[in-house]
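The next block holds one structure in the form of structure tokens; read it before the comments.
Any read-out appearing in this document is the output of simple, stated calculations on the displayed coordinates, not a laboratory observation. Predicted model only: the values in this text are computed from it and were never measured.
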Amino acid sequence: MNHILKVTKLHFNKPMVMFGVPSFIILIVLVVTALISFMLQRAGLDPSSPDYADGARWNQGMIWSLPGFLIYYGVQAVATTYPFALALGATRRAHVLGTAVANLVLSLYVSLFMLLLLGIELATNHWFFSVYALDIYMLGAGNPLVLFVTTFLLTFVSTSIGGMFGAVWVRFGSKGPTFVALGLALILVVLMLIFVPQFESIIAAVTRPLLAGVGLGVAVLALIATWWVMRRATVR
């Protein structure tokens, strides 16, 4: 347990990267959303109209702005701390678990930060100018619990997937992640070809708890794959 916590603390050595960059991305998306809202209102859209609110809540900027960085962060979190973790006496298993704990802390931070912004958004009647950045359908349309769980899982799944690719890079070199990505893409395409006739019924059956379960399952599989790959990884 001590080695796991040492690895976790190792990830906190760069707080501006771990916590600062996600916060900056979220705030940038908020500003961009506000600018777009102002332009739409200047173009003649009525912010008091129910149709305006309905359309604005389909904004997905907050959802798609974070995974790219989070996956990158997950890659470097594994790849850059691995030699230092071993130098501290941590086992490969402790390194994977310690990294997972650090990712959980990051997920909690991102979720709480976005929850705080949602509270401000609702309290100020959408930033005083009908700006819908967090009160959106994909984050629960103002439901704090849905927003918290969604952003928590989104962050943890993204960093876990990134960690898996980081482990593949450590084990197999620069070509490893490319082959893994191609393999996963091929599997995804095959699955889509198999299930495309049932797409409508599948989409109709999708619920938030189901998506949460799938996301959690993906994160667990990514962590297992990370540990399996790292078992024989050498220090680069």
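Observations on the model:
- The mean sequence separation of alpha-carbon pairs under 8 Å and at least six residues apart, normalised by the residue count of the chain, gives a relative contact order of 27 percent.
- Three principal axis extents of the chain based on alpha-carbon atoms, in descending order, are 61, 46, 28 Å.
- For the range 153-236, a/c is not less than 1.5, where a ≥ b ≥ c are the root eigenvalues of the C-alpha gyration tensor, and a/b does not top b/c. That puts it in the oblate class.
- Rounded to the nearest Hz, the phi-derived 3J(HN,Hα) couplings of the range 160-173 under the Karplus curve 6.51 cos²θ - 1.76 cosθ + 1.60 (θ = phi - 60°) are 5, 5, x, x, 4, 5, x, 5, 5, 5, 4, 7, 10, x, where x marks glycine and proline.
- Whole-Hz ³J(HN,Hα) from phi, Karplus 6.51 cos²θ - 1.76 cosθ + 1.60, for the range 16-22, glycine and proline x: 5, 7, 5, 10, x, 5, x
- Rel. contact order, % - alpha carbon contacts under 8 angstrom, at least six apart, the range 2-118: 53 percent
- Rounded, prolate or oblate (a/c below 1.5 giving rounded, otherwise prolate when a/b exceeds b/c) for the range 1-92 by Cα gyration tensor: prolate
- The average projected area of the range 10-149, computed from the convex hull of its Cα atoms over all directions, is 8.8 nm².
- Overall form of the range 153-195 per C-alpha gyration tensor (a/c, 1.5; a/b vs b/c): oblate
- Measure of compaction for the range 103-200 (Cα Rg per 2.2 N^0.38 Å): 1.48
- Per residue, the convex hull around the alpha carbon atoms of the range 69-119 comes to 67 Å³.
- When only alpha carbons are used to place a centre, the range 165-196 and the range 49-92 end up 19 Å from one another.
- The range 107-130 and the range 197-236: distance between their alpha carbon centers, rounded to Å: 28 Å
- Mean-square fluctuations from a GNM of the chain, with a 10 angstrom spring cutoff on Cα atoms, peak among T178, T33, T150 at T178.
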